[in-house]
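Structure record follows, encoded as structure tokens.
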DNA sequence: TGTGATCCATAAATTTCATCTATGTATGAG
DNA sequence: CTCATACATAGATGAAATTTATGGATCACA
């Protein structure tokens, strides 16, 4: 009833080689095998495809028509096999990665650079978006993995969440608030100072509000910024005191433009996590990238074991 | 070593159906068969193609990449089979036909019209060229068949020559030469009249020269024309007497513009033959056309049986 | 005018491997 | 808890692809 696709392969090779014998060699089979395959194909298709003659075979008119299609078919298969081999050798591929600004600059970019140097053929698509958006894209399979700042103990069905390191925060002030450097402050004491912080849409904002509330204080920034990297410059300009990820403070601290305010309360801390879909297939090239990202993992005290966290 | 192309077909159907079970139904095999085929393919390719899950299977990243190529491959095969079926049903196809002006108008066109009415999908390419050019194109496979005026007994290695009918000639004159109508003339007697005939390149010209010479006369037209259909009008204009294929004379004879000169000698006659390559493959749609053309064949006395001529 | 080389066809034996039957496992739905 | 559905597995079976061996036709070359 239905024609075996292997026959078409034999047909294609025979047509390009120009003889049954040559085709047999190319296919690593014997000549009678090719003869038989073509004869079968001709019977199934109901028309002659080759004219046998001395020195080889020649396509009939119908054979030529058939070849036109079978040729592109076979070429596609051959190309498919090549591309698949490249995929396996990590010579090509594509990974979509989600990240926050914070994690992108502080964790991801150096690792991506190393990975890209090792596997230059693999396209890296970086998606810098809000944390909730990235999480839903991970679940939808629109992103392959992400490195995000999430609350301590964060977990989600469908997602593997591997903590990489703490995202520590620091309360800082510019030299206009020099009086705060003298001694340890409590959060309530700091409430009377103008605050530089995140705007309302972010997850971190909500967490900070909770953290402040936990210590009988209120987080209500006088200046709200959309991205973390803007806080330090604003603090340097003495527009207020700020609670920022430690990673952003190093340069300004070293230059003496800001100083750290010691806090009585245990400091606000988040997790930087590597996240990816639990039961979805990953591109082959992603395992290497995951390993690369995991290499920055720092052992930190974990209150309880977390799902998906490797030993 | 090499992957069976049948596996790719199974892969394609499975990917489009979305489950092994559905693919099995579509392929008229059992589900374990599909399971096995895909597993084998995955092993041979060295990577997982589907994620098995509740309710069916889902392509992995690599599977998606593979599908992109395999899809066009399979679609080409399917299209190939469709086109081939059309070819077999004579719904499509192409025939290249050679002809002389004489045969084109008198034999071929009516038959081609009938054929085309019956098989409108088949393209007919008509090549109106010189006889030697057409013969060599037949041998090169550039033409599929031809209807030509050739010398009696014409034959050629590699070519099948089937006589269809005689190409009879007629000596005619316009009313300016009314005196010739009185009685039968010999060729020699006619030599003193101006002659309208073929120009030197044609085969017929050479044959006529031979025929004249055979009867102790010389064929040297005072007016030379490239095509036969021009002779009658020139004769009507009383520029000379002419030897032309009978087919061209009917209209002018009926209108009394010319008359026939009776000739003592046996009249010059040629063969109208259907000619095609002997050992070359023919398009499927050609057999019907050959039959159509043969239908005009007239039984004529054959001095000896000719090769390729059916009973 | 043989002779060897080349290429396709054929026949019979062999072996492969694709497929089937039967059954198991997992997982939602009602 | 049971049913329905989908994929996995194992062993048996048989169709068919392949091989070996051989023959015939054609062509180049001496």
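The values are calculated or read from the model by the stated rules, or taken from the named source; none is laboratory data. Since the model is a prediction, treat every value here as computed from it, not as a measurement. Heads up, the Cβs are rebuilt from the backbone with ideal geometry, glycines too, and the neighbour counts pull from every protein chain shown.
Of all residues in the range A:29-53, those that are more than 10 Å from DNA strand D (Cβ to nearest atom) and farther than 13 Å from residue A:8 by Cβ total 6.
When the range A:226-246 is examined, which residues are found to be closer than 20 Å to residue A:151 by Cα and either out of contact with any strand residue (DSSP E or B) (no Cβ under 9 Å at 6 or more places or on another chain) or surrounded by fewer than 20 Cβ atoms within 10 Å (Cβ to Cβ) (or both)? Those that are closer than 20 Å to residue A:151 by Cα and either out of contact with any strand residue (DSSP E or B) (no Cβ under 9 Å at 6 or more places or on another chain) or surrounded by fewer than 20 Cβ atoms within 10 Å (Cβ to Cβ) (or both): A:226, A:227, A:229, A:246.
From the list B:154, B:198, which one is closer than 28 Å to residue B:289 by Cβ and in contact with a strand residue (DSSP E or B) (Cβ under 8 Å, 6 or more places away or on another chain)? Answer to the selection: B:154. The set of residues in the range A:36-60 that are out of contact with any helix residue (DSSP H, G or I) (no Cβ under 8 Å at 6 or more places or on another chain) and at the interface with chain B (Cβ under 7 Å from one of its Cβ atoms) comprises A:51, A:60.
On the stretch given as the range A:54-67, residues that are within 16 Å of DNA strand D (Cβ to nearest atom) and either outside the structural domain of residue A:10 (by TED's automatic domain parsing) or surrounded by 14 or more Cβ atoms within 10 Å (Cβ to Cβ) (or both) total 3.
Condition check for residue B:11 on (1) at pLDDT 95 or above; (2) within 9 Å of chain A (Cβ to nearest Cβ): one failure, at (2).
Here are some residues: B:143, B:148, B:124. Which one is within 14 Å of chain A (Cβ to nearest Cβ), in contact with a helix residue (DSSP H, G or I) (Cβ under 9 Å, 6 or more places away or on another chain) and either outside any loop (DSSP other than H, G, I, E, B) or buried (at least 17 other Cβ atoms within 10 Å of the Cβ) (or both)?
On the way: B:148 fails: within 14 Å of chain A (Cβ to nearest Cβ); B:124 fails: within 14 Å of chain A (Cβ to nearest Cβ).
It is B:143.
Filtering B:99, B:73, B:80, B:26 for residues that are more than 9 Å from DNA strand D (Cβ to nearest atom), over 17 Å from residue A:81 (Cα atoms), at the interface with chain A (Cβ under 8 Å from one of its Cβ atoms) and within 49 Å of the chain's Cα centre (by Cα) leaves a single hit, B:80. So which of B:265, B:255 ends up being closer than 30 Å to residue B:209 by Cβ and assigned by TED's automatic domain parsing to the domain that holds residue B:211? Every option except B:265 fails the conditions. Hey, does the range A:112-121 have a residue that's within 19 Å of residue A:144 (Cα to Cα), within 14 Å of chain B (Cβ to nearest Cβ) and modelled with pLDDT under 95? Looking through the range A:112-121, at least one residue is within 19 Å of residue A:144 (Cα to Cα), within 14 Å of chain B (Cβ to nearest Cβ) and modelled with pLDDT under 95.
Scanning the range B:161-170 for residues that are out of contact with any helix residue (DSSP H, G or I) (no Cβ under 6 Å at 6 or more places or on another chain) and closer than 9 Å to residue B:246 by Cα yields B:167, B:169. Residue count for the range B:1-23 satisfying the condition of being more than 11 Å from DNA strand D (Cβ to nearest atom) and either on the phi > 0 side of the Ramachandran plot or exposed (fewer than 15 other Cβ atoms within 10 Å of the Cβ) (or both): 2. Has the range B:64-72 got at least one residue that is assigned to a helix (DSSP H, G or I), modelled with pLDDT under 95 and within 16 Å of DNA strand C (Cβ to nearest atom)? No: the range B:64-72 contains no residue that is assigned to a helix (DSSP H, G or I), modelled with pLDDT under 95 and within 16 Å of DNA strand C (Cβ to nearest atom).
Entry remark, the range A:29-48: residues being more than 50 Å from the chain's Cα centre (by Cα), closer than 17 Å to residue B:92 by Cα and touching a residue at least 12 places away in the same chain (Cβ under 8 Å) number 2 in total. Looking only at residues of the range A:83-95 that are within 9 Å of another protein chain (Cβ to nearest Cβ) and in a helix (DSSP H, G or I), we find that the one that is surrounded by the fewest Cβ atoms within 10 Å (Cβ to Cβ) is A:85. For residue A:136, the conditions (1) surrounded by fewer than 16 Cβ atoms within 10 Å (Cβ to Cβ); (2) outside the structural domain of residue A:97 (by TED's automatic domain parsing) all hold with the exception of (2).
Meeting the requirement of 2 or more residues that are in contact with a strand residue (DSSP E or B) (Cβ under 7 Å, 6 or more places away or on another chain) and more than 10 Å from DNA strand C (Cβ to nearest atom), no helices (runs of 4 or more DSSP H) wholly within the range A:1-50 can be named.
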